[in-house]
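**Q** Structure in structure tokens, see below.
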Amino acid sequence: MTGRTLLLASAVLAGLVASLVAAPAPAPAPTPYQPFCAAIWLFGTPCAEISAALTQQIEAFSPLFGCPDCHYNLVTATPLRISANHTSADGLQAESISFSFSPMMMAGCRVSGRSATIGFSTTLLDGGLNYCNLYNLLAASGLTSAPGFMEMTNEWACLGFGTSQCKL
Ligand SMILES: *[C@@H]1O[C@H](CO)[C@@H](O)[C@H](O)[C@H]1NC(C)=O
């Protein structure tokens, strides 16, 4: 090593040490999580019927439509897509909900639903909140016993799926 390289090397080392000393290890930031549930439901009835039933159910569960203790709000509804939201009783938490409808052969319908916590949470444990936001609408409107009903999701796509007891 030449004297110059040595000088350079020690300068780099000194800088490194100085920066390590100057910058104390930052406290680990909490990992931001966004709890959500995505699922697909199949029905043996036309999308128009499923979409109408879900729209009516969201309205029936909305304070704007005469259910003061309910927490759903319809944002937009078209035959192919419904957007809504759900807020917690204390108003501190909200979830954004959507359903989209794809007609299938033989007058069937494939519904893709999603509920996601708005903003971030420090935990992925939502107690099945996002799953139940969706499931409660299907159950209350009788769609879970509609012809051809089939639910497709799993724990990775939908938190709390398989473990949550949804209470209406
Ligand atoms: C939920 O939807 C309603 C109706 O569109 C809207 O007024 C409200 O701001 C929304 N809430 C949140 C948290 O997005």
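**Q** For Pro30, which of the numbered conditions (1) modelled with pLDDT under 90; (2) touching a strand residue (DSSP E or B) at 6+ places or on another chain (Cβ under 9 Å) fails to hold?
**A** Of everything listed in (1) modelled with pLDDT under 90; (2) touching a strand residue (DSSP E or B) at 6+ places or on another chain (Cβ under 9 Å), Pro30 misses just condition (2).
**Q** Shifting gears a bit: Test of understanding: among Ser112, Ser102, which residue is surrounded by 14 or more Cβ atoms within 10 Å (Cβ to Cβ) and either more than 12 Å from the chain's Cα centre (by Cα) or farther than 16 Å from Ala39 by Cα (or both)?
**A** Ser112 is the lone residue from the list that is surrounded by 14 or more Cβ atoms within 10 Å (Cβ to Cβ) and either more than 12 Å from the chain's Cα centre (by Cα) or farther than 16 Å from Ala39 by Cα (or both).
**Q** Would you confirm whether any residue within the range 65-82 is in contact (Cβ under 8 Å) with a residue 60 or more places away in the chain and not small (Gly, Ala, Ser)?
**A** yes
For (1) of a type outside the set (Val, Ile, Thr); (2) out of contact with any Gly (no Cβ under 9 Å at 6 or more places or on another chain); (3) away from the ligand (no atom under 16 Å from the Cβ), each residue gets a yes or a no:
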| position | (1), (2), (3) |
| --- | --- |
| Ser102 | yes, yes, yes |
| Arg110 | yes, yes, yes |
| Ala116 | yes, yes, no |
| Thr122 | no, yes, yes |
| Leu125 | yes, no, yes |
| Leu129 | yes, no, no |
| Ser141 | yes, yes, yes |
| Thr144 | no, yes, yes |
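**Q** Looking at the structure I just gave you, is Glu151 of a type in the set (Asp, Glu) and out of contact with any Ser or Thr (no Cβ under 7 Å at 6 or more places or on another chain)?
**A** yes
**Q** Now for a different question. Can you find a residue that is within 15 Å of Cys132 (Cβ to Cβ), away from the ligand (no atom under 14 Å from the Cβ) and open to solvent by less than 20 Å² (accessible area, probe 1.4 Å) anywhere in the range 56-67?
**A** Scanning the range 56-67, I find no residue that is within 15 Å of Cys132 (Cβ to Cβ), away from the ligand (no atom under 14 Å from the Cβ) and open to solvent by less than 20 Å² (accessible area, probe 1.4 Å), so the answer is no.
**Q** So Ser96 passes all but one of these: (1) open to solvent by less than 50 Å² (accessible area, probe 1.4 Å); (2) of a type in the set (Ser, Thr, Tyr); (3) within 14 Å of the chain's Cα centre (by Cα); (4) modelled with pLDDT of 95 or more. Which condition number does it fail?
**A** Only one criterion is unmet by Ser96, namely (1).
**Q** Then there's this: From the residues in the range 115-139 that are open to solvent by 40 Å² or more (accessible area, probe 1.4 Å) and either assigned to a helix (DSSP H, G or I) or charged (D, E, K, R) (or both), which one is nearest to Cys37 (Cα to Cα)?
**A** Applying the first criterion (open to solvent by 40 Å² or more (accessible area, probe 1.4 Å)) to the range 115-139 yields 118, 120, 122-125, 127, 129, 135.
Within this subset, residues satisfying the condition of being either assigned to a helix (DSSP H, G or I) or charged (D, E, K, R) (or both) are 129, 135.
Details: Leu129: 9, Tyr135: 10 Å.
This residue is Leu129.
**Q** Here's something else I'd like to know. Does Ser96 fit the bill of being touching a residue at least 12 places away in the same chain (Cβ under 8 Å) and hydroxyl-bearing (Ser, Thr, Tyr)?
**A** On the way: touching a residue at least 12 places away in the same chain (Cβ under 8 Å): yes; hydroxyl-bearing (Ser, Thr, Tyr): yes.
Spelling it out, Ser96 is indeed touching a residue at least 12 places away in the same chain (Cβ under 8 Å) and hydroxyl-bearing (Ser, Thr, Tyr).
**Q** Going by what's in this entry, would Gly160 be described as part of a loop (DSSP other than H, G, I, E, B) and open to solvent by 20 Å² or more (accessible area, probe 1.4 Å)? So that I can check it myself, show each step before the final result.
**A** Details: part of a loop (DSSP other than H, G, I, E, B): yes; open to solvent by 20 Å² or more (accessible area, probe 1.4 Å): no.
Criteria not met by Gly160.
The values are calculated or read from the model by the stated rules, or taken from the named source; none is laboratory data. These numbers come from a predicted model, not from an experiment. In this analysis, Cβ positions are derived from the backbone assuming ideal geometry, glycine residues included, and neighbour counts consider all displayed protein chains. These area figures cover heavy atoms from the full protein model, side chains too; ligands, DNA and RNA do not enter into them. Shrake-Rupley method; radii C 1.70, N 1.55, O 1.52, S 1.80 Å.
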